[in-house]
Amino acid sequence: MIRMIDLRSDPEELVLAQRDAIERVLRSGWFVLGAEVAAFEELWARACGVKSVVGVGNGMDAIEIALRACGIGSGDEVITTPMTAFATVLAIIRAGATPVLADIDARTAILSTDSVRRTITAKSRAVVLVHLYGRAADMDEWCELCEATDLALIEDCAQAHGACWRGRPVGSFGAAGTFSFYPTKNLGTAGDGGALATNSPKVAASARVLRNYGQSERYHHVQFGLNSRLDEVHAALLQERLAWLHRFTERRQAIARRYAESIRNPHIELLAAPAQVGSHVYHLFVLKCERRDALASHLRANQIESLVHYPIAIHQQAICQGLRRDPRGLRLSEKHAATCLSVPCHHNLVDEQAERVIEVLNAFQ
Ligand SMILES: *Cc1c(COP(=O)(O)O)cnc(C)c1O
């Protein structure tokens, strides 16, 4: 079976380094918010080109904490995309704010600025922009829109570690950028982890308070915070995996280039190639097919796994039907949900497997 991700095939050198990292933490006798977390925060801040990174429990909490640290909550509307992990919208609700949904651009499946403009009201306070599948969104457009409309920009970078726009990493453009280190993400740990990146000392300080029960100092609670701390073991593992991130990303990009030049089938459409000035780190390689389920069956019959990101747009979830949305509807998101399919594209996929994926996709009738 050619799998969507295969962490068992990680390089032996990395496996051994991770084993040593875990031992280092065990012998230190300090397990939550310590020297390893501080060291990783520093490394990740440098990689993201920001002043501060705050390690938290997971990617969803990172969004909630980022919103709250920006002063967004009850009574505020936050605009986002219906084509995302449910966590994006859940985090907005957890922050006490009201999610509002705008439609996507069909060529990239990323939130559309035109649709966002149609959803803005006097209550709108922020946009959570998802760099979906690993593609850096057009940050010229987004920075201009958020500046002109006075909306805080929160970048959900859970799928886009290291993606750049005009050479600048995602997560460094908005008021905050949020990351997930869930095992299957481009940078992942052996469990849950997350972080937020920011250039604002105020947002960073507030996030540090919020992640630890809202304590400003021990036993002094200045906010009703969360318990959302990054563990030392995860921070130690992330330092080792970060040393490989660039190589792993290049591998994903090489596979994606090969797919883009070789997938030739009238039934299959690819998403837009990355922009000249924007990179794509291919957390997922996504194609579109009118007979998506038949294509998935054809792949499975040929021992190739595939997944759908995402089969149900947020507003199509029963509990989300009341959410306000673009008055023109969210038809492009619905169409994408019905036709998209993600095929294997990960750092341990070998050439032979990539060629087999191409061959089987091209043989679909
Ligand atoms: C994975 C993911 C999240 C949530 O991250 P967790 O660490 O699982 O909480 C949020 N947004 C997007 C776009 C994701 O892919």
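The values are calculated or read from the model by the stated rules, or taken from the named source; none is laboratory data. Keep in mind the model is a prediction, meaning the values are calculated, not measured. Cβ: placed from backbone, ideal geometry, glycine included. Neighbour counts: every protein chain shown.
Scan segment 129-150 and tell me whether some residue there is farther than 30 Å from Leu14 by Cβ, more than 11 Å from the ligand (Cβ to nearest atom), hydrophobic (A, V, I, L, M, F, W, C) and touching a helix residue (DSSP H, G or I) at 6+ places or on another chain (Cβ under 6 Å). The answer is yes; a qualifying residue exists. Listed by first and then second residue, the pairs with beta-carbon distance under 6 Å, at least 6 apart or on different chains, first residue in segment 263-279 and under 19 Å from Arg168 (Cα atoms), second at pLDDT 95 or above and outside any loop (DSSP other than H, G, I, E, B), are Pro274/His280; Gly278/Trp165; Ser279/Cys164. Annotation note: of Ala363, Ala318, Ala294, Ala337, the sole residue that is surrounded by 21 or more Cβ atoms within 10 Å (Cβ to Cβ) and more than 16 Å from Ile5 (Cα to Cα) is Ala337. Out of Gly162, Gly134, report the one residue that is on the phi > 0 side of the Ramachandran plot, in contact (Cβ under 8 Å) with a residue 40 or more places away in the chain, within 13 Å of the chain's Cα centre (by Cα) and crowded, with 24+ Cβ neighbours inside 10 Å. Sole residue among the options that is on the phi > 0 side of the Ramachandran plot, in contact (Cβ under 8 Å) with a residue 40 or more places away in the chain, within 13 Å of the chain's Cα centre (by Cα) and crowded, with 24+ Cβ neighbours inside 10 Å: Gly134. Looking only at segment 91-114, filter to residues that are under 17 Å from the mean Cα position of the chain (by Cα) and assigned to a helix (DSSP H, G or I); which one of those is farthest from the ligand (Cβ to nearest atom)? The residue in question is Ile92.
Checking the stated criteria, Arg117 turns out to be away from the ligand (no atom under 14 Å from the Cβ), assigned to a helix (DSSP H, G or I), basic (Lys, Arg) and at negative phi. Hey, could you check segment 204-237 for residues that are of a type in the set (D, E, K, R), touching a residue at least 24 places away in the same chain (Cβ under 8 Å) and not in a loop (DSSP other than H, G, I, E, B) and say which is surrounded by the most Cβ atoms within 10 Å (Cβ to Cβ)? The selected residue is Glu232.
Among the strands (runs of 3 or more DSSP E) contained in segment 247-365, which hold 1 or more residues that are over 21 Å from Lys185 (Cα atoms) and more than 20 Å from the chain's Cα centre (by Cα)?
Output list reads 268-270, 285-289.
Tallying residues that are within 16 Å of the ligand (Cβ to nearest atom), assigned to a loop (DSSP other than H, G, I, E, B) and farther than 30 Å from Lys335 by Cβ within segment 39-81 yields 2.
Among the residues of segment 178-203, which ones are away from the ligand (no atom under 11 Å from the Cβ), small (Gly, Ala, Ser) and either closer than 12 Å to Ala160 by Cα or assigned to a loop (DSSP other than H, G, I, E, B) (or both)?
Across segment 178-203, the qualifying residues are Ala190, Ser200.
The condition of being among the polar types (S, T, N, Q), touching a residue at least 40 places away in the same chain (Cβ under 8 Å) and not in a helix (DSSP H, G or I) holds for only one of Thr84, Thr88, that being Thr84.
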